[in-house]
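The values are calculated or read from the model by the stated rules, or taken from the named source; none is laboratory data. These numbers come from a predicted model, not from an experiment. Quick reminder, even Gly has a Cβ in these numbers, built from the backbone with ideal geometry, and neighbours come from all protein chains shown.
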Ligand SMILES: O=c1ccn([C@@H]2O[C@H](COP(=O)(O)OP(=O)(O)O)[C@@H](O)[C@H]2O)c(=O)[nH]1
Ligand SMILES: O=C(O)[C@@H](COP(=O)(O)O)O[C@H]1O[C@H](CO)[C@@H](O)[C@H](O)[C@H]1O
C-alpha cells in the first residue's frame with residue numbers, strides 16, 4: 001500500500017523544514033508532495049532541499065485546491081494531509097495518524113492536538129472536525145469532487161461526507177503538537193480578517209455540501 005503525504009503551504013518558510021524533517025525519514029511514507037500555493041517566500045526552495053516533490057502554483061488558489069492538486073499528482077492508496085505550519089511534528093504523530101488506516105480499522109483519521117498550547121488545544125477541543133491533520137483512503141477523496149468545495153472548506157466537507165457516506169472515522173490524539181495561529185502569522189488585524197474568512201469558507205462548504 002503506497003502512502004503519500006500532501007502538504008499545502010502558503011508562505012510557510014519558518015515551519016516547513018521542521019515538518020518535512022520527520023516525514024523524510026519516516027518508514028511508512030513513500031512520497032512527499034508539497035504544494036506551494038503561490039508563496040512569495042522561500043517555502044518551495046526549502047521544501048526542495050528535502051526528499052519532496054514540490055508543485056509550485058503561480059497564483060494562490062486556496063487550501064482546498066492546493067490539497068486536491070496534490071492528491072491528483074499521486075497514485076498513493078493512502079493520503080496523509082498535514083499543514084505546513086505545525087510545530088513539534090514527530091514520528092509518533094505520523095504513525096498514529098496512519099496506523100488505523102493501514103490496519104483497515106478506519107477510512108479516515110482526524111488528528112487532535114493535545115498538550116501542545118492552550119489556545120490551539122482548545123480550538124481543536126471545540127471543533128475537532130476542522131483539523132487539517134488527517135489520513136484518508138484515496139477513494140474517499142473522489143467523493144469530494146462533486147461538492148465544489150473551496151479554500152478552507154475541505155475539512156468541513158470531508159467531515160460531513162464521512163457522516164453521509166458512512167466512512168469509518170477515528171480520532172487520534174497528537175500530543176505536544178501545535179501550529180502557528182493566523183494572528184501570529186499575519187498580525188492581530190489581518191489574522192482576525194483571515195479567521196473570519198475561514199469561518200465563511202467553512203459555513204459555505206457546509207451549505208454546498210447539504211444542497212449537492
Ligand atoms: O491559501 C492558502 C491558505 C493556507 N494554505 C495552507 O493550508 C494550511 C492551513 O492554513 P492556515 O495555517 O492558514 O490555517 P490554520 O492552521 O491557521 O487554521 C497551511 O499549511 C497553509 O500554508 C494554503 O496552502 N493556501
Ligand atoms: O482550529 C481552528 O479553528 C482553525 C484555525 O486555526 P488558528 O486559529 O489559525 O490556530 O484551524 C483548523 O481549521 C482549518 C479549517 O478547517 C484547517 O484548514 C486547519 O488545518 C486547521 O488547523
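Couple of notes before you dig in:
- Filter result (more than 18 Å from the chain's Cα centre (by Cα) and either within 11 Å of ligand 2 (Cβ to nearest atom) or in a helix (DSSP H, G or I) (or both)) within the stretch 164-182: 164
- Against the criterion of being away from ligand 1 (no atom under 16 Å from the Cβ), at pLDDT 95 or above and in contact with a helix residue (DSSP H, G or I) (Cβ under 8 Å, 6 or more places away or on another chain), residue 78 qualifies.
- Search result, residues across the stretch 123-137 that are assigned to a helix (DSSP H, G or I) and crowded, with 16+ Cβ neighbours inside 10 Å: 123, 124, 129, 130
- Check on residue 185, over 15 Å from the mean Cα position of the chain (by Cα) and within 14 Å of ligand 1 (Cβ to nearest atom): yes
- Per-region count, the stretch 143-163, residues more than 16 Å from ligand 1 (Cβ to nearest atom), surrounded by 15 or more Cβ atoms within 10 Å (Cβ to Cβ) and in a helix (DSSP H, G or I): 4
- Residue 113 meets each of the listed conditions (1) more than 9 Å from ligand 2 (Cβ to nearest atom); (2) more than 19 Å from residue 205 (Cα to Cα); (3) over 12 Å from the mean Cα position of the chain (by Cα); (4) outside any helix (DSSP H, G or I) apart from (1).
- Subset of the stretch 63-83 (residues that are away from ligand 2 (no atom under 13 Å from the Cβ), in a loop (DSSP other than H, G, I, E, B) and either within 11 Å of the chain's Cα centre (by Cα) or under 19 Å from residue 44 (Cβ atoms) (or both)): 73, 74
- Those residues of the stretch 6-31 which are in contact with a strand residue (DSSP E or B) (Cβ under 9 Å, 6 or more places away or on another chain) and in a helix (DSSP H, G or I), in sequence order: 16, 18, 19, 20, 23, 24
- Residue selected from the stretch 188-198 under the condition within 18 Å of the chain's Cα centre (by Cα) and free of Cβ contacts under 8 Å to residues at least 24 places away in the same chain, by the criterion nearest to residue 117 (Cα to Cα): 195
- Residue in the stretch 2-21 that is more than 9 Å from ligand 1 (Cβ to nearest atom), exposed (fewer than 15 other Cβ atoms within 10 Å of the Cβ) and farther than 19 Å from residue 111 by Cβ present: yes
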